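Peer 1: If you scroll down you'll find the structure; I have some questions about it.
The values are calculated or read from the model by the stated rules, or taken from the named source; none is laboratory data. What you are looking at is a predicted structure, and each value in this text was computed from that prediction instead of being measured. Backbone-built Cβ (ideal geometry, glycine too); neighbour counts: all protein chains shown.
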Amino acid sequence: MPRRKTDHPRTRWLRLAALVAALALAVAACGGTSSGNASSGNNGGGNGGAASTTLRTAFVADMQVPDPDIFYETEGNQVVMSTYEGLVRYQQNPPTNALEGLLATSWEKSADGKTYTFHLRSNVKFEDGTPMDSAAAKASFERRPKVNQGPAYMLAQVASYGTPDPLTFVVNLKQPVSAFMDYLAAPYGPKLLSPTAMTKYAKGGDFTQGYLKTHSIGTGPYYIKSFTLGQQYVLAANPNYWGAKPKITTIEINIVPDLSTQQLKIEGGDLDILHNLPAATTNTFKTKSGFQVITIPALQKSVLKINPQKAPFNDLSLRQALRAAIDRNKLTSEIYGNLGTVSTQMLPAGMQPAGTGLDSYTYDPTLLPAAVKKLPSSSKSITIAYASGFVNDQRTAEAIQKVLADAGFNAKVTPITLAQFFALRDQPESKVPNLLVETANPDAAHPDTYLRIFFNTGGFLNYVKGGSKAADAEMDRGLYTNDPAVVKDAYEKASQLVHDSATFVTIADVKGTFVATTKLKGWTSTGAAPLSLNFQSATLG
């Protein structure tokens, strides 16, 4: 079985933690946003009356590195997706989980599901002028397992590559993998790199990793002009870009750790767009002249994880009673407002067809108090943990604490560091909290990229070891098949089995949000990369 490298989810989540911790500094309350890709009100952002060709934004922390075979975070997707391209991507206008060609114009899959033939776009050059062809695709795909970082698992089932002609690239798999095309479309999926640059800038067998810490060698609409850690990244329009030339010719990304400073800068005209400001701050921009609030669908879900490995929640009926006591409508409204919608499915919204993979239950607050009365006193003291700095998770934990207290539990909310959070998977059951609250996103839009890591009993981020072995088997059945009907049936059954275990209670699907000047128009987006927009077709003015 192809498994994610055991440390790679930790890398992405530790980096995400830096972002969320910074967000926590400025959170006062939560509310909703309005969506927008249209302009209204007066000109904002300090660009005067004329259109600008420079877009200015901010990150709260440095990204890991802009190397597409190492990068595995959320903050920083804007850089990688602006400078590199893969064979395919998710549809962006409007954003859906459907696949569309990028560097490949079309593709075919063999009847047995083990061979993919991609027909490459002609007349494409890398930023250094090297032609993009099948040999470049092969060299790029071969680099990923050599670097062997987080995203390497996506090519774990590749047996060989073929390059029958310059514009035909063939991938042969060891066995069918139903998620393979989603791996290629993922923000962290394989990207194409200039083979000339890979050879020229490699040092001591490092596979060009040193050079790619601060440079790009892709085919995207932009390239990295400068990359200064802790200060600023500058992207410039790629003069060799094969598509329409960007009207925004420069993107300046400043490292501004303090969100209140970010807010002052966008209000003062020093920045043009920001992502994931606190909800209370975001709401203030809804009525400010010259600004717009953008919301996009995002594959993110808030979940309560119930530890079935120790008392008192090793009892299924008690877990079911706890689930019934949680009013998701109230929680979502109070914590997320218009930034979230009430969860109805086990997976993030859009990953499964509507009406499948349901996480439905009847709200009944009378069941839990009745069940708690039957418990011994020693089982009534429980702990609810969340990763410190994740403010929405903290508020969710505190709301559930009240539900538990009203039912007769002595419930304690405990923030733990990210290091402690990830260490839970290696701790004895006695050290794992009774309940965990977490908000998470998958790598791609395929169900396996969420179920396997979070709900599989052996999943790296399944700290409470919830779910069931029967669900695990269904995940394997859905991944290693070439039959769409089997895929749908297997993940539907896996989701149902996880639901029936009552070890996970989904709370809300959380949207991606941006605050921008109303001058910004024409952007596109993909929900698989919740903190980035595509500015190739955008304008400022």
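Peer 1: Hey, could you check the range 515-533 for residues that are surrounded by fewer than 24 Cβ atoms within 10 Å (Cβ to Cβ) and over 19 Å from I253 (Cβ atoms) and say which is nearest to the chain's Cα centre (by Cα)?
Peer 2: By that ranking, first place goes to G527.
Peer 1: Moving to a separate point now. Hey, which of the strands (runs of 3 or more DSSP E) in the range 100-179, taking only ones fully inside, have at least 2 residues that are under 15 Å from E85 (Cα atoms) and at pLDDT 95 or above?
Peer 2: 104-109, 115-120
Peer 1: One residue is enough: does the range 103-114 have a residue meeting the conditions surrounded by 15 or more Cβ atoms within 10 Å (Cβ to Cβ), among the hydroxyl-bearing types (S, T, Y) and under 30 Å from M475 (Cβ atoms)?
Peer 2: Looking through the range 103-114, none of the residues is surrounded by 15 or more Cβ atoms within 10 Å (Cβ to Cβ), among the hydroxyl-bearing types (S, T, Y) and under 30 Å from M475 (Cβ atoms).
Peer 1: Can you report the number of residues in the range 500-541 which are more than 28 Å from I335 (Cα to Cα) and assigned to a loop (DSSP other than H, G, I, E, B)?
Peer 2: 8
Peer 1: Listed residues Q401, Q394; which is over 30 Å from D182 (Cβ atoms) and at pLDDT below 95?
Peer 2: Result of the check over Q401, Q394: Q394.
Peer 1: Related question: Could you give every pair whose Cβ atoms fall below 9 Å, whose first residue belongs to the range 489-508 and is closer than 15 Å to M475 by Cα, and whose second residue is modelled with pLDDT of 95 or more and of a type in the set (F, W, Y), counting only separations of at least 6 or pairs across chains?
Peer 2: Pairs that qualify, where the first residue is closer than 15 Å to M475 by Cα and the partner is modelled with pLDDT of 95 or more and of a type in the set (F, W, Y), are A494/F455; S495/F455; V498/F455; V498/F504; H499/Y361.
Peer 1: Another question, then. Can we say L436 is in contact with a helix residue (DSSP H, G or I) (Cβ under 7 Å, 6 or more places away or on another chain), modelled with pLDDT of 95 or more and among the hydrophobic types (A, V, I, L, M, F, W, C)?
Peer 2: Answer is no for this residue.
Peer 1: Quick one: would you say N97 is outside any loop (DSSP other than H, G, I, E, B) and either surrounded by fewer than 20 Cβ atoms within 10 Å (Cβ to Cβ) or at pLDDT below 95 (or both)?
Peer 2: yes
Peer 1: Right, here's the next one. Cβ-Cβ below 9 Å, separation at least six or inter-chain, first residue in the range 211-224 and free of Cβ contacts under 8 Å to residues at least 24 places away in the same chain and at negative phi, second small (G, A, S) and assigned to a loop (DSSP other than H, G, I, E, B): which pairs?
Peer 2: Every condition considered, the pairs that remain are Y211/A202.
Peer 1: If we scan the range 498-511, do we find a residue that is at positive phi and modelled with pLDDT of 95 or more?
Peer 2: yes
Peer 1: Filter the range 63-91 down to the residues that are in a loop (DSSP other than H, G, I, E, B) and polar (S, T, N, Q), then identify the one that is modelled with the highest pLDDT.
Peer 2: So the residue we want is Q64.
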